[in-house]
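The values are calculated or read from the model by the stated rules, or taken from the named source; none is laboratory data. Only a predicted model underlies this, so the values are computations on that prediction, with no experimental measurement involved. For neighbour counting, all protein chains shown are included, and Cβ atoms are generated from backbone atoms with ideal geometry for every residue, glycine included. Protein only, heavy atoms only, side chains kept; ligands, DNA and RNA dropped before computing areas. Shrake-Rupley method; radii C 1.70, N 1.55, O 1.52, S 1.80 Å.
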Amino acid sequence: MLKSLSWLRPAPGDFRDQARALRSEMRGGRGDDLGMRLYALANHALDENQLVSLARLAAGACDAGAAPAPFSAVKLGVFGDGTLSLIAPAIAGTALRHRLAVDTFVGEFNRAALDALDPSGPVRSAGLDMALIVSDARVLGLDRPAASRAAADETVERAFGQVRRTVEGLRPSIGSAILVQTVAAPLEPLFGSYDRIEPGSPLSMTAAFNRRVADWAADGGVVLVDVAHLAECVGLEAWDDPGQWHAAKLGFAPSLLPVYADVVARAMAAVRGLSRKCLVLDLDNTLWGGVVGDDGLGGIVIGQGSATGEAHLAVQRMALALRARGVVLAVCSKNEEAAARAPFREHPDMLLREDHIAVFQANWTDKAANLRAIAETLNIGVDALVLLDDNPAERMQVRSELPLVGVPELPDDPALFPRMLAAAGYFEAVSVSKEDRARAEMYQANARRAAALSASADVGAYLASLEMACAIGPVSEMTRARVAQLVNKSNQFNLTTRRWSEGELAAAIRDPARHVAQVRLVDRFGDNGVIAVLIADKGPDAWAIDTWLMSCRVLGRRVEEACLAHLAGAARAAGARALIGRYIPSPRNAIVKDHYRNLGFALEDESGGATTWRLDLDRFVAPALEMTVADGFLAPENAAA
Amino acid sequence: MSREVILGDIREIMADVFDMDVDDVVVTPDTTADDIEEWDSLSHIRLIVAVERRFKVKFTNAEIERLRRVGDLVALVEAKQPA
């Protein structure tokens, strides 16, 4: 299932012709829909050769580093020993499926650290956004038994140090994330079952090494690609191909390049904030067996006592587990609403209840229209949705109407639904914060807010009815990870799309020449958590706003005006006379193009779409807002935690 | 499976692996890597994997190292076909 990419449709029989047609169109000037067609082609189970063709197409589609919609451009450095030249194009071809147009740079493992330190070297000047460190137990010396516990510890430390030195050497050259891998356990036992006990066995040493890498990634230093687990899932015998290692120094069977590349690409997409956010569930024959409209409440198959009923229960259990880690659940079903809701309300064997579902669309309209409505209610893009639906016709309709929705193929047997959904990796995360875990609740509250808005006559009254409390304060140790996550994930309401790593952020917070503020918002429906970040350079005369971003969840709530009032107040108190704002356009932030104009700034300068704005503080009067604002900078002992 | 059929299938595979038009390049038993620009040590690995997958066979490194021309590959596939 995993190794054949079964959640994707099989490659079209005329793949070569389609690729050829795209290429000749590209040569004759780009068509508007070229990006979408490339994306559609990438969303098939392609083999390693087809991925190479696609990688070439992707390189042709990118114009001076700019990628056509729906892609965003990434420059990826691939470093390691062995045949990276096979790996790099497989990743570039696969990443299109995850909406990344990847341009790869292939480096050499042991040279990478040296090259990276050379300011005029090729790595430094390559302009890399991300790097992938390809590791292998054999390269790291973990495949040879160690004679004692001390020798085993030393071997593991040396292997880990080798990877870490490369990463630290690369770090100044990498704009965003560095991805490191765990390594697959060697297949051939030294003792047999005793290998698990003996610290010097290759099995124990790779396990210890993988633990070190995982702990490192948990601290936020690197992004983890769990190759060890992938290898176990596809089976170590299938994974490891000693002949390929001897002949080409390729660390795994070449036929597994597609699934390996997908696992790497989904981590890269997660770094870019492109993971899915919401699982939309079909009902009949997906969440339960049978058709509730025909079979009635008592006729559907769900729960213990029947293999089919238990299989559907397992689907529900998986949905609940995803919800608990922050994935929002919605329902989209062709049904009478009352009949569709009845099992959630009345059936004793259902695990899922109405409370778990943020948006419930049961009607006879087509599914694409309902998915649009779900996205709109949750205030997310349709590209954040995944539809789990047993009906191939519905899947086809959604794919053709809304190609950006994730729609996994499903096997006939519902017992395999959860595994298929998991294999597709739609909800990949590179970190988990407390807010993530509470996100499903927050989106649900959002859906209720949307309902309140449609019931309330004017916006001012609606905002007042939300009983908002806004807390602006310094970033604390406790919230730094969440703030970094927001800074690196926000694309739409983000004036400069400037990314800050957690380390850079920590330095900025300590820097007396910088003002770093987080903004929280609580309303009567719940705590929205940290929803905005402000970073300004404190000049003596004017404060320049380097970073201003906000979660789109709180658009239209006048939070930006509260932010401005805060910045103006803080700058004024420090003796500054003006605020300088900058807007740098990106493919996704057109929404804030007029942000500074709307807030009363005057345009100072414009070049290449980027604009600079100025607000004279002696003319600024803070507006009255429909919220209470607590400023933690004014009263540090009340700093927002 | 006759040699002609195997050669025809390998020609299709080569078109995929080397990303070329089947009609553009004439593939005969005497074709070697020197005749096709895209055929280097890396794409050779992909070619072998694709041939193994298509014919459900597995080659050893020694067998692969002995290959010189397309005809050798055809003969190798033929030898591995179940009788």
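So the values come out like this:
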read-out: Extreme residue, positive dipole direction of the protein assembly as shown, given options A:Leu486, B:Thr32, A:Pro418 (C-beta unit charges); value: A:Leu486
read-out: Mean separation of Cα contacts under 8 Å (6+ apart) over length of the range A:467-638, as relative contact order %; value: 27
read-out: Cα gyration tensor category, rounded, prolate or oblate, for chain A with a/c compared to 1.5; value: oblate
read-out: Rounded to 5, percent antiparallel among DSSP beta bridges of the protein assembly as shown; value: 45
read-out: Dipole moment magnitude, nearest 20 debye, the range A:83-215 about Cα centre, only Lys, Arg, Asp, Glu C-beta charged; value: 220
read-out: Within chain A: Cβ-based charge dipole about Cα centre, in debye rounded to nearest 20 (Lys, Arg +1; Asp, Glu -1); value: 1200
read-out: Other protein chain Cβ atoms within 10 Å, averaged over every residue that makes up A:38-51; value: 2
read-out: Where B meets A: accessible area buried, both sides, 1.4 Å probe, Å²; value: 1600
read-out: Chain A, relative contact order in percent, only Cα pairs under 8 angstrom and at least six apart counted; value: 10
read-out: 222 nm mean residue ellipticity, helices alone, for chain A (DSSP H n ≥ 4; -39,500 (n - 2.57); rounded to 500); value: -12500 deg cm²/dmol
read-out: Number of partner chain Cβ atoms within 10 Å, mean per residue of B:37-49; value: 4
read-out: For chain A, with +1 on Lys and Arg beta carbons and -1 on Asp and Glu, the positive-most of A:Ala508, A:Ser204, A:Ser4 along the dipole; value: A:Ala508
read-out: Helix B:70-80 vs. chain B, principal-axis angle (Cα, 0 to 90°, nearest 10); value: 20
read-out: Residues of the range A:68-89 buried by at least 10 Å² on assembly (accessible area, 1.4 Å probe, chain alone as reference); value: A:Thr83, A:Ser85, A:Leu86
read-out: The range A:467-638, dipole about Cα centre (Lys/Arg Cβ +1, Asp/Glu Cβ -1), debye to the nearest 20; value: 360
read-out: Highest to lowest packing among A:524-532, A:585-593, A:217-225, scored as the average C-beta count within 10 Å; value: A:524-532, A:217-225, A:585-593
read-out: Protein-only accessible surface order, largest first, of A:Ile197, B:Ile45, A:Ile509, A:Ile472 at 1.4 Å; value: A:Ile197, A:Ile509, B:Ile45, A:Ile472
read-out: Residue-normalised accessible area of chain A, expressed per residue, 1.4 Å probe, Å²; value: 41
read-out: The range A:562-641, relative contact order [Cα under 8 Å, separation at least 6], %; value: 31
read-out: Restricting the range B:1-68 to GluC sites (Glu not before Pro) in coil, as DSSP defines it, with at most 16 other Cβ within 10 Å; value: B:Glu37, B:Glu38
read-out: Heavy-atom accessible surface of chain A: percent carbon and sulfur, 1.4 Å; value: 51
read-out: Residue-by-residue Karplus 3J(HN,Hα) for the range A:253-268, coefficients 6.51, -1.76, 1.60, Hz, glycine and proline x; value: 4, x, 5, 9, 3, x, 6, 4, 4, 5, 5, 5, 5, 5, 5, 4
